[in-house]
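Since the structure comes first, as structure tokens, the remarks are kept for the end.
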Amino acid sequence: MPIDVPTATGLVIPAQEFRWDEGDARRYRHAVGQPHRQTGLLPTFAMTAPGAFGVASPDFYHRQPPEIRFPGLRLQLATLLQQEQELRVHARIPESGTAWCHSRVLDIENRGSAAVLVQRTDLVGADGVTLVSGISRIHARGEGTATRPAVRPADPPVPARPADVEVVVRTDDQQAVWYQRCGKNNSMHGNVHTDTTFARAAGLDRPIMQGVCTYAMVCAALVDALLDADIARVHTYTGRFTGIVFPGESLCTRVWTGDGAHHYRTTVPERGDEPVLTGVLRTG
């Protein structure tokens, strides 16, 4: 069923309560390979909150396709891929606490044969202080609706000079399983990350890493290599997903620093430096 753009645009998603403790924090650090010398939680921890993916959050899934059903939206999980994620830090996430996740659909961008859902999510602490806000873009294959497709922004050019820093991180064969256990309502079945049958039905050779797991692992590597492990210095972290990662592969991240920003490009060496993630980390 095509997306009803006027109905879906501006849709407010039911707020979700997020409770976490020190055990959840330890589990997350392990799942994203956070170095021991880093203290505190990465801002990417916010992506484990119930409702963090807006309409595509596991908290709202139906058992049978289309798994995602909201006014103006009927989407199948197998057609969705996360395209971009931006996180802006307003306050540090404590080791344990309670917060509320508020999400809404900002726009539906047409890509011809596909549509891209643009959503905003705010993680707000129990005291009313916003901890982290995010903008995400989710690619929905086969859901293009407009007659005049929007023009997708071009990827930022890679500087001609050699990278200032290069960091290589090896993922584990169980990385996707570890990350899947971080979410409160995540199942090991019916997804392309931990369910081999589902992954093959989606056209993949085998399960792939969660995009947000790759995103978080790169964030941890950048904080360690560029910010002397000081998480508090992260202000904004963006990532555009350009490829998939199979658990067990390496992530090679090259960084170019300039104009107060760290531009990065992550590739998989085992597949001829196949690009998988590109973006910017800014400090504040």
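The values are calculated or read from the model by the stated rules, or taken from the named source; none is laboratory data. All values reported here derive from a predicted model rather than from experimental measurement. Cβ: placed from backbone, ideal geometry, glycine included. Neighbour counts: every protein chain shown. Areas reflect the complete protein model, heavy atoms only, side chains present, ligands, DNA and RNA absent. Shrake-Rupley method; radii C 1.70, N 1.55, O 1.52, S 1.80 Å.
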TODO: On a C-alpha basis, how far is the centre of region 49-77 from the centre of region 234-254 in Å? Whole number, if you could?
DONE: 25 Å
Task: Net dipole in debye of the chain [+1 Lys, Arg Cβ; -1 Asp, Glu Cβ; about Cα centre; nearest 20] - done: 420 debye
TODO: Before rounding to the nearest 500, sum -39500 (n - 2.57) across all DSSP H runs of length at least 4 in the chain and divide by the residue total; then give [θ] at 222 nm in deg cm²/dmol.
DONE: -4000 deg cm²/dmol
Open item on the list: Just to check I understand the Karplus step: with θ = phi - 60° and J = 6.51 cos²θ - 1.76 cosθ + 1.60, what whole-Hz values come out for region 63-74, glycine and proline as x?
Closed with: 5, 10, x, x, 5, 10, 9, 9, x, x, 10, 9
- [ ] Please sort by residue number the trypsin sites (Lys or Arg not before Pro) in region 45-90 whose DSSP state is loop and whose Cβ has at most 12 other Cβ atoms within 10 Å.
- [x] 63
Open item on the list: How large is the Kirkwood hydrodynamic radius of region 173-284, counting all unique pairs of alpha carbons, in Å?
Closed with: 14.9 Å
Task: Share of Cα-Cα pairs in region 1-43 lying beyond 17 Å, as whole percent - done: 56 percent
Open item on the list: Leaving out ligands and nucleic acids, and using a 1.4 Å probe, what accessible area per residue does region 1-80 come to in Å²?
Closed with: 47 Å²
Open item on the list: Cα atoms only: what Rg and Dmax, in Å, come out for the chain?
Closed with: 18.1, 52
- [ ] Determine, at each q value in 0.15, 0.16, 0.17, 0.23 (inverse angstroms), the log₁₀ of I(q)/I(0) that the Debye formula gives when each Cα of region 1-108 is one equal point scatterer.
- [x] -0.75, -0.83, -0.90, -1.31
- [ ] Could you work out the relative contact order of region 154-253, using alpha carbon pairs under 8 angstrom and six or more residues apart, expressed as a whole percent?
- [x] 38 percent
Task: Carbon + sulfur, % of accessible area of the chain - ligands and nucleic acids excluded, 1.4 Å - done: 50 percent
TODO: Could you tell me which GluC sites (Glu not before Pro) in region 51-111 are loop residues by DSSP with no more than 16 other beta carbons within 10 angstrom of their beta carbon?
DONE: 95
Open item on the list: Run through region 1-61 and list the trypsin sites (Lys or Arg not before Pro) located in a DSSP loop whose Cβ has at most 13 other Cβ atoms within 10 Å.
Closed with: 37
TODO: Give the value in nm², to one decimal: projected area of the alpha carbon convex hull of region 169-228, averaged over all directions.
DONE: 4.7 nm²
Task: From phi via Karplus (6.51, -1.76, 1.60), per-residue ³J(HN,Hα) for region 267-280 in Hz, x at Gly/Pro - done: 10, 10, x, 5, 10, x, 6, 4, x, 10, 7, 9, x, 9
